[in-house]
């Protein structure tokens, strides 16, 4: 087990993550009933307040704090205990992140920042909301740099040796995060904060959106790569085999660094201020991201088959029945992987030039977001939670808790299937996103959204309700694992960190050449962004004053 000081740091991150998760899921439950015209909010609470809280607390706060808890635990396990300086800087970063989180959340709850998760200009929040966001990002950088420092110390102590696979993947994710955040830091510091404080009168809307999506799409991979880390490193250990291919895993993560950042324009395909050439270029780069995802899928199913055949599986698919389906840690992650198949297919549709025009501002996008981030990422984090929290607290994870875990992932899968499927279909029927209840004066097209089985806001509300109950069960499991379950005493009662062995002998050393890969990443970013961003600045329109519409 990792040292007490490292465990304490990870547990504080988990505590903040699941506090945000609790508030964010409650906001999500309220949303589905409002859209179904079954709930009226009190005068002091607005739909767009809870929509903003839902997006920010779940998609940004929960994920980031949980990811750093996972990193702290895994880096300490794979590279050794943190030194005093690394630990100190991690706590400083955590404090700055937490301070920014509290400030931004207070602004949302007080009704001064109902600008949604994307905070598009010309909607203008309180300047302190943007200060909170800036502090959050800076704090994450401090923690990330501290972890990278721990990694470099290990490299110096082991010259000529490739780092453990978990650490390599963690550093890859931090590199992607830092590079991606440059866009949102630039727009918040140099556009939003001066504008919101009144130091300048207007904001360049197109530039602010482009800088946001420079950050916004790689943010998806900042969520996804830690889930991939669990797939590559944890799953083989649960199956009793080694990592299928160390070099394939490292190559996949390098490709994510290269191709997940210069793709933001595929979120702006309907905007007229960007020429078609630059949109087309970034769509092409978007499709390049499919390659490491396919590599990952191949590696995972090869791992499943090796394990199943090792345990006696015969025939073409006999290995499938020999997988450890009674282990909630494995089953939760397998279900998460399965959901990523339709989620990835939907992503191809969203990034396609013509098809995007059909679905762009509809509930289809909301359904896609939930079936990709809300299921593969979230369910993987749930599966990690089942063993990581008991591992950090030294408490038992009993058979009763394991059964509750199966109920939790089962209800989450059913709830998400109902809600996301109905959102996809409603989107194809034209139901808008980012809106509260809208009947459009009983227009026939709008009435379709309230008829049928899956083409019904009621189905979406039922799915959302099941998801909320599942979330509350998960909170119960977390509280029990952190505070109330009996302490482990016997050796077999302690929960382990399931980190698989990885054969590094055949892995080329250049895969860990960070100067090379970061240099190539910046080269692709410059090719994709330098000219269009320069044009947005050089030919900037008069700009827009701020609007507060709530």
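Being part of a loop (DSSP other than H, G, I, E, B) and either touching a strand residue (DSSP E or B) at 6+ places or on another chain (Cβ under 7 Å) or touching a residue at least 60 places away in the same chain (Cβ under 8 Å) (or both), is that true of even one residue in segment 339-347?
No, that holds for no residue.
Per-residue answers, yes or no, for (1) in contact (Cβ under 8 Å) with a residue 12 or more places away in the chain; (2) more than 19 Å from the chain's Cα centre (by Cα); (3) in a helix (DSSP H, G or I):
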| position | (1), (2), (3) |
| --- | --- |
| 131 | yes, yes, yes |
| 140 | yes, no, yes |
| 151 | yes, yes, yes |
| 162 | yes, yes, no |
| 166 | yes, no, yes |
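Taking into account only those residues within segment 416-457 that are without any contact (Cβ under 8 Å) to a residue 12 or more places away in the chain and on the phi > 0 side of the Ramachandran plot, which is surrounded by the most Cβ atoms within 10 Å (Cβ to Cβ)?
Residue satisfying both the conditions and the ranking: 452.
Output the residues belonging to segment 182-202 that are assigned to a helix (DSSP H, G or I) and in contact with a strand residue (DSSP E or B) (Cβ under 6 Å, 6 or more places away or on another chain).
Within segment 182-202, 191, 195 meet the criteria.
Might you check whether a residue that is touching a residue at least 40 places away in the same chain (Cβ under 8 Å) and assigned to a helix (DSSP H, G or I) occurs anywhere in segment 112-125?
No, there is no match, as no residue in segment 112-125 is touching a residue at least 40 places away in the same chain (Cβ under 8 Å) and assigned to a helix (DSSP H, G or I).
Which residue pairs have Cβ atoms closer than 9 Å, lie 6 or more positions apart in sequence or on different chains, and pair a first residue in segment 387-409 that is surrounded by fewer than 24 Cβ atoms within 10 Å (Cβ to Cβ) with a second residue that is in a strand (DSSP E or B)?
Partner pairs satisfying both residue conditions: 393/487; 394/487; 395/487; 396/487.
Being under 25 Å from residue 166 (Cβ atoms) and over 26 Å from the mean Cα position of the chain (by Cα) is the filter here; which residues of segment 476-494 pass it?
Across segment 476-494, the qualifying residues are 488, 491, 492, 493, 494.
If I filter segment 267-276 for residues that are within 13 Å of residue 353 (Cα to Cα), without any contact (Cβ under 8 Å) to a residue 24 or more places away in the chain and out of contact with any strand residue (DSSP E or B) (no Cβ under 8 Å at 6 or more places or on another chain), do I get at least one hit?
Yes, segment 267-276 has at least one match.
Only one of 345, 338 is modelled with pLDDT of 90 or more, surrounded by fewer than 20 Cβ atoms within 10 Å (Cβ to Cβ) and within 18 Å of residue 421 (Cβ to Cβ); which?
So the residue among 345, 338 that is modelled with pLDDT of 90 or more, surrounded by fewer than 20 Cβ atoms within 10 Å (Cβ to Cβ) and within 18 Å of residue 421 (Cβ to Cβ) is 338.
Considering 248, 207, 258, which residue is in a helix (DSSP H, G or I) and under 22 Å from the mean Cα position of the chain (by Cα)?
Just a single option satisfies the conditions, and that option is 258.
For the subset of segment 458-481 comprising residues that are crowded, with 18+ Cβ neighbours inside 10 Å and free of Cβ contacts under 8 Å to residues at least 60 places away in the same chain, which member is nearest to residue 363 (Cα to Cα)?
459
Please enumerate the residues belonging to segment 277-329 that are over 30 Å from residue 405 (Cβ atoms), in a helix (DSSP H, G or I) and in contact (Cβ under 8 Å) with a residue 24 or more places away in the chain.
278, 279, 280, 281, 282, 283, 285, 286, 287, 288, 290, 291
Which is farther than 30 Å from residue 127 by Cβ and either touching a strand residue (DSSP E or B) at 6+ places or on another chain (Cβ under 7 Å) or touching a residue at least 12 places away in the same chain (Cβ under 8 Å) (or both), of 220, 235, 205?
One residue alone meets the criteria, 235.
For residues that are part of a loop (DSSP other than H, G, I, E, B) and within 24 Å of the chain's Cα centre (by Cα), scanning just segment 499-525, find the one that is farthest from residue 303 (Cα to Cα).
499
The values are calculated or read from the model by the stated rules, or taken from the named source; none is laboratory data. Source: prediction; values computed, not measured. So basically every Cβ, Gly included, is an ideal-geometry build from the backbone, and we count neighbours across all protein chains shown.
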